[in-house]
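Chemist: Have a look at this one.
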Amino acid sequence: MAAELFPTKKLVSSSIQNQQNVSNNNSAQGCCSWQGLYPTIRERNSVMFNNEMMADVHFVVGPPGGTQRVPGHKYVLAVGSSVFHAMFYGELAEDQEEIRIPDVEPPSFLAMLKYIYCDEIDLCADTVLATLYAAKKYIVPHLARACVNFLETSLSAKNACVLLSQSCLFEEPDLTQRCWEVIDAQAELALRSEGFCDIDVQTLESILQRETLNAKEMVVFEAALNWAEAECQRRDLPPTIENKRLVLGKAIYLIRIPTMVLEDFANGAAQSGVLTLNETNDIFLWYT
């Protein structure tokens, strides 16, 4: 889904093909000769990225059925992250040779390690949110900032609602503000986007009660029904009128239905079945 929400785009620093050089050089000249090939500590650390050579810890990354075993080097990891430092050298250090990380996707974990080992930022649309999660979890602030910058430059009406939800989750107020600016200005596009149907109910409520949306209230109402249908699917419920009303809960009352023009209400909201007969009659009486 993320790949559809963001433009195809990549941020990549210059990549060093060190590990192949090490392998070739080791086989020809011995196990330690590779150090002389690279004049800087950055280049020598890059050799160790995702490399079994001298690895003293391994991570099993990803959810069950989609795991990847990743080698690591405690010293390098501890230098790059205070969380890893506490994990390996703190008072409650874990003496494990294999650490399971089921809540981080392997590509995003590797992107974080690439930054720690190589000082390279490698981001793409379909992994940037997961990489931001990893950077936040392991307190790698400069990588997290790069992820937020990437998201800000990729922001559009198509993905603004999803990013609003994520920016609140990750406590990124600047990104949240940018999302609101886009949603307010291009509300109809944002509300009709596929991403709108993927947001959580708290974000839905925040959008529905927003007073600065540049959209007709009938568009807001239709968007809420589209979200409700998607939510029924997420809950394995048949998308009946009753279930749509159920999953919307109190959010239905955040829609300013009386502000619709009478024709929109009569031909749209009143015919939707989501409103009760009493609610429909009361609103018709309000118009008269």
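The values are calculated or read from the model by the stated rules, or taken from the named source; none is laboratory data. From a predicted model like this one, the values you see are computed outputs, not experimental measurements. So basically every Cβ, Gly included, is an ideal-geometry build from the backbone, and we count neighbours across all protein chains shown.
Chemist: Out of the residues in the stretch 270-288 that are crowded, with 18+ Cβ neighbours inside 10 Å and modelled with pLDDT under 85, which is nearest to residue 220 (Cα to Cα)? Walk me through how you get there before you give the answer.
Modeler: Of the stretch 270-288, the ones crowded, with 18+ Cβ neighbours inside 10 Å are 270, 274-275, 280, 283.
Of the ones still in play, those that are also modelled with pLDDT under 85 are 270, 280, 283.
Numbers: 270: 14, 280: 17, 283: 17 Å.
Only one residue tops the list, namely 270.
Chemist: Continuing with the same structure: Of all residues in the stretch 42-66, count the ones that are more than 30 Å from the chain's Cα centre (by Cα) and touching a residue at least 40 places away in the same chain (Cβ under 8 Å).
Modeler: Result for the stretch 42-66: 1.
Chemist: For residue 146, all conditions in the list (1) in contact with a strand residue (DSSP E or B) (Cβ under 8 Å, 6 or more places away or on another chain); (2) free of Cβ contacts under 8 Å to residues at least 60 places away in the same chain hold save one; what is the number of the exception?
Modeler: Residue 146 satisfies every listed condition except (2).
Chemist: Which of (1) surrounded by 20 or more Cβ atoms within 10 Å (Cβ to Cβ); (2) closer than 30 Å to residue 191 by Cβ is the odd one out, the single condition residue 126 does not satisfy?
Modeler: (1)
Yes/no per residue for (1) outside the structural domain of residue 101 (by TED's automatic domain parsing); (2) over 30 Å from residue 258 (Cα atoms); (3) among the aliphatic types (A, V, I, L, M); (4) not in a loop (DSSP other than H, G, I, E, B):
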{"residue": "130", "(1), (2), (3), (4)": "no, yes, yes, yes"}
{"residue": "133", "(1), (2), (3), (4)": "no, yes, no, yes"}
{"residue": "161", "(1), (2), (3), (4)": "yes, no, no, yes"}
{"residue": "167", "(1), (2), (3), (4)": "yes, yes, no, yes"}
{"residue": "183", "(1), (2), (3), (4)": "yes, no, yes, yes"}
{"residue": "206", "(1), (2), (3), (4)": "yes, no, no, yes"}
{"residue": "213", "(1), (2), (3), (4)": "yes, no, yes, no"}
{"residue": "218", "(1), (2), (3), (4)": "yes, no, yes, yes"}
{"residue": "221", "(1), (2), (3), (4)": "yes, no, no, yes"}
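Chemist: Quick one: would you say residue 135 is touching a Pro at 6+ places or on another chain (Cβ under 8 Å), within 26 Å of residue 53 (Cβ to Cβ), free of Cβ contacts under 8 Å to residues at least 40 places away in the same chain and crowded, with 20+ Cβ neighbours inside 10 Å?
Modeler: Here the answer is yes, as residue 135 does meet what is asked.
Chemist: Sort out which residues of the stretch 144-164 are surrounded by fewer than 23 Cβ atoms within 10 Å (Cβ to Cβ) and within 29 Å of residue 51 (Cα to Cα), and write them in order of number. Spell out the reasoning first.
Modeler: Within the stretch 144-164, the first condition is being surrounded by fewer than 23 Cβ atoms within 10 Å (Cβ to Cβ), and the residues that meet it are 144-146, 148-150, 152-158.
Hits for the stretch 144-164 are 144, 145, 146, 148, 150.
Chemist: Filter the stretch 66-100 for residues that are hydroxyl-bearing (Ser, Thr, Tyr), closer than 22 Å to residue 46 by Cα and in a loop (DSSP other than H, G, I, E, B) and give the result.
Modeler: Answer for the stretch 66-100, where residues must be hydroxyl-bearing (Ser, Thr, Tyr), closer than 22 Å to residue 46 by Cα and in a loop (DSSP other than H, G, I, E, B): just 81.
Chemist: Hey, can you tell me all the residues within the stretch 36-65 that are surrounded by 13 or more Cβ atoms within 10 Å (Cβ to Cβ) and either part of a helix (DSSP H, G or I) or outside the structural domain of residue 84 (by TED's automatic domain parsing) (or both)?
Modeler: Selection gives 37, 42, 43, 44, 45, 46, 47, 48.
Chemist: Within the stretch 251-271, how many residues turn out to be in contact (Cβ under 8 Å) with a residue 40 or more places away in the chain and either acidic (Asp, Glu) or closer than 20 Å to residue 205 by Cα (or both)?
Modeler: Residues in the stretch 251-271 being in contact (Cβ under 8 Å) with a residue 40 or more places away in the chain and either acidic (Asp, Glu) or closer than 20 Å to residue 205 by Cα (or both): 8 in total.
Chemist: Say whether the condition of being touching a His at 6+ places or on another chain (Cβ under 9 Å) and either in a loop (DSSP other than H, G, I, E, B) or within 24 Å of residue 44 (Cβ to Cβ) (or both) is met by at least one residue in the stretch 116-127.
Modeler: Checked against the condition, which is being touching a His at 6+ places or on another chain (Cβ under 9 Å) and either in a loop (DSSP other than H, G, I, E, B) or within 24 Å of residue 44 (Cβ to Cβ) (or both), the stretch 116-127 yields at least one hit.
Chemist: Residue 111: in contact with a His (Cβ under 6 Å, 6 or more places away or on another chain) and surrounded by 14 or more Cβ atoms within 10 Å (Cβ to Cβ), yes or no?
Modeler: No.
Chemist: Among the residues of the stretch 230-265, count how many are crowded, with 17+ Cβ neighbours inside 10 Å and not hydrophobic (A, V, I, L, M, F, W, C).
Modeler: Residues that pass the stated criteria total 4.
Chemist: Residues to consider are 209, 186, 177; find the one that is over 17 Å from the mean Cα position of the chain (by Cα) and loosely packed, with under 15 Cβ neighbours inside 10 Å. Please lay out each step first, then the result.
Modeler: On the way: 186 fails: loosely packed, with under 15 Cβ neighbours inside 10 Å; 177 fails: over 17 Å from the mean Cα position of the chain (by Cα).
None of the other options fit; the residue is 209.
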